[in-house]
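Enquirer: Have a look at the structure that comes next, please.
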Amino acid sequence: MSPHACPGTGPDGLGMDVTADVDALYADGITARKGAFTPEWADRIREDIEVAFEEALARPGGAVGRGPHRYYVEIHPEQLRGFVDLVDHPWVRSVCTAVLGPRYRIVELGFDVPLAGAVDQPWHRDFPMPEETRAERRLTSLAFNVTAVDTEEDMGPFEIAPGTQWDDGPRFDHGMFPPRADHPRYEQRAVRKYPQRGDISARTALTIHRGTANHSARPRPVLVLGVDGPEARNGERHDTAVTRAYWETLPERVRRHLDCPIVDVLRPITQKHTIEGLVMGDA
């Protein structure tokens, strides 16, 4: 196993060998599993995202801006037909266990949609660095991304600056936005990602990244799965829930990691994971 793996995690507790992925997360801040699912599976994800997006835009607080023509929407697991397929995929389970330990918690399900006309976001991370990461250089949460379309250059690809998950300092605005004087360094390190339908990526949301301008006429929806280790508290930003009837259909292996209320009736989610500096793209 990787020296970065969560203490006490051994190969016997994993569904597959993810040593290279754990090393990549600590070195670069991102890794991926190409062709984890079929393109047809990803097409169903896109259909469910489109339904949820239309519903969210139709009500106050249903979608939050992440810059001009760019939105984030949180959804409930049963709004996504492929939820169990995703969270129970051997690669996803193994990466979560190896990095975060066997008591990892699924705390977020949502999607980003950069529409036509979306502009470059400012360089940022998604939340301030936790003390465990700062003091121990240990990752306490992960974000998995699943593209719902084949990404092309003009669609505003995700851009990430590998190795910057450890960057920190008092000059970071809100702990998330590096000073403008450092932007040339991120631009020099930047790598654009072009995932295809069926691919999954895993990253630490601390690695400095941004969405780029969408010059096409097509949206680029991306599913987001947020997972916390025992110390992380990102679940406080999210309101995912499941109905009792849906809970009864879930495999025990999924239930033990799903950290959300069990309710009789689902209520539409009012988005609260705002990132102030991205709303107007002015950080």
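The values are calculated or read from the model by the stated rules, or taken from the named source; none is laboratory data. Quick caveat: nothing in here was measured; it's all calculated off a predicted structure. Please note: Cβ atoms are built from the backbone with ideal geometry, for glycine as well, and neighbour counts cover all protein chains shown.
Enquirer: Anything in region 174-227 that is in contact with a Gly (Cβ under 7 Å, 6 or more places away or on another chain), assigned to a strand (DSSP E or B) and among the hydrophobic types (A, V, I, L, M, F, W, C)? List them, or say none.
Expert: Result: 177, 224.
Enquirer: Another question, if that's okay. Based on this model, can you work out whether residue 168 counts as among the acidic types (Asp, Glu), in contact (Cβ under 8 Å) with a residue 12 or more places away in the chain and part of a helix (DSSP H, G or I)?
Expert: Here the answer is no, as residue 168 does not meet what is asked.
Enquirer: With respect to residue 62, determine if the residue is more than 19 Å from residue 198 (Cα to Cα) and either among the small types (Gly, Ala, Ser) or surrounded by fewer than 19 Cβ atoms within 10 Å (Cβ to Cβ) (or both).
Expert: yes
Listed here are the residues, each with its yes/no results for (1) at pLDDT 95 or above; (2) buried (at least 23 other Cβ atoms within 10 Å of the Cβ).
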residue: 99; (1), (2): yes, yes
residue: 106; (1), (2): yes, yes
residue: 129; (1), (2): yes, no
residue: 144; (1), (2): yes, yes
residue: 158; (1), (2): yes, yes
residue: 163; (1), (2): yes, no
residue: 168; (1), (2): no, no
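Enquirer: Evaluate region 78-90: report whether one residue or more is outside any helix (DSSP H, G or I) and over 20 Å from the mean Cα position of the chain (by Cα).
Expert: Checked against the condition, which is being outside any helix (DSSP H, G or I) and over 20 Å from the mean Cα position of the chain (by Cα), region 78-90 yields no hits at all.
Enquirer: Shifting gears a bit: Hey, any hits in region 46-58 for a residue that's in contact (Cβ under 8 Å) with a residue 60 or more places away in the chain and surrounded by fewer than 16 Cβ atoms within 10 Å (Cβ to Cβ)?
Expert: Taking every residue of region 46-58 in turn, at least one turns out to be in contact (Cβ under 8 Å) with a residue 60 or more places away in the chain and surrounded by fewer than 16 Cβ atoms within 10 Å (Cβ to Cβ).
Enquirer: Still on this structure: Collect the residues in region 198-222 that are basic (Lys, Arg) and under 17 Å from residue 156 (Cβ atoms), keeping them in residue-number order.
Expert: Within region 198-222, 210, 218, 220 qualify.
Enquirer: Would it be correct to say that residue 255 is at pLDDT 95 or above and of a type in the set (D, E, K, R)?
Expert: Considered against the rule, which asks whether it is at pLDDT 95 or above and of a type in the set (D, E, K, R), residue 255 comes out as yes.
Enquirer: Here's something else I'd like to know. Is it the case that residue 140 is farther than 21 Å from residue 39 by Cβ, touching a residue at least 40 places away in the same chain (Cβ under 8 Å) and touching a Pro at 6+ places or on another chain (Cβ under 6 Å)? Give the steps one after another, and end with the answer.
Expert: Working: farther than 21 Å from residue 39 by Cβ: yes; touching a residue at least 40 places away in the same chain (Cβ under 8 Å): yes; touching a Pro at 6+ places or on another chain (Cβ under 6 Å): yes.
Taking the combined requirement at face value, the residue satisfies it.
Enquirer: Return only the number of the condition from (1) surrounded by fewer than 20 Cβ atoms within 10 Å (Cβ to Cβ); (2) under 22 Å from residue 133 (Cβ atoms) that residue 178 does not satisfy.
Expert: (1)
Enquirer: Under the condition of being outside any loop (DSSP other than H, G, I, E, B) and surrounded by fewer than 13 Cβ atoms within 10 Å (Cβ to Cβ), which residue from region 1-38 is modelled with the lowest pLDDT?
Expert: 12
Enquirer: Also: In region 18-45, which residues are charged (D, E, K, R) and without any contact (Cβ under 8 Å) to a residue 60 or more places away in the chain?
Expert: 23, 40, 44
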